[in-house]
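The structure under discussion appears below in the form of structure tokens.
The values are calculated or read from the model by the stated rules, or taken from the named source; none is laboratory data. No experiment lies behind these values; they were computed from the predicted model shown. Cβ sites come from the backbone with ideal geometry, for glycine too, and all protein chains shown count toward neighbours.
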Amino acid sequence: MGFRKSLAAGLAATLSIPAFAAPLPRPPAFAMCAACHKTQPGASSPMGPNLWGVGGRKPASLTGYTFSPALQKLQQPWTRATLIAFITDPRKIAPGNRMAYAGQKDPAVAAALADYMLSLK
């Protein structure tokens, strides 16, 4: 195989390797969330569970944090739709949960928060 073909094959192989995406920029509305939730891998969050890797995780499954019985009852993993619903009205989704947050009524802001949380991986 010629040099050019070898170079092209090497570049194609390199470009086909999935890159690790950096988290999205933190939305301004996340400042309220950041008061209780950490977003770095392995960081302990005494006030609220660490949100690193929340996407696809089953609610109340993070080790090292004591979740309310209300969150322990939830079974569906955190997806964009379930996060948006929870961010919008946490008391409706998990009645009796301990999170002191009334919810985000602006659908665009709730979606931006969910997208940011899902990028934490």
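Observations
- Note on the stretch 35-55: residues that are without any contact (Cβ under 8 Å) to a residue 40 or more places away in the chain, of a type in the set (A, V, I, L, M, F, W, C) and over 16 Å from residue 66 (Cα atoms) total 1.
- Pair list, Cβ under 8 Å, 6 or more apart: the stretch 71-92 residue more than 15 Å from residue 103 (Cβ to Cβ), other residue surrounded by fewer than 18 Cβ atoms within 10 Å (Cβ to Cβ) and hydroxyl-bearing (Ser, Thr, Tyr): 76/82
- For the stretch 101-121, filtering for residues that are of a type in the set (A, V, I, L, M) and more than 23 Å from residue 42 (Cα to Cα) leaves 6.
- Here the condition is being at pLDDT 90 or above and more than 15 Å from residue 113 (Cβ to Cβ); of 2, 42, it holds for 42 alone.
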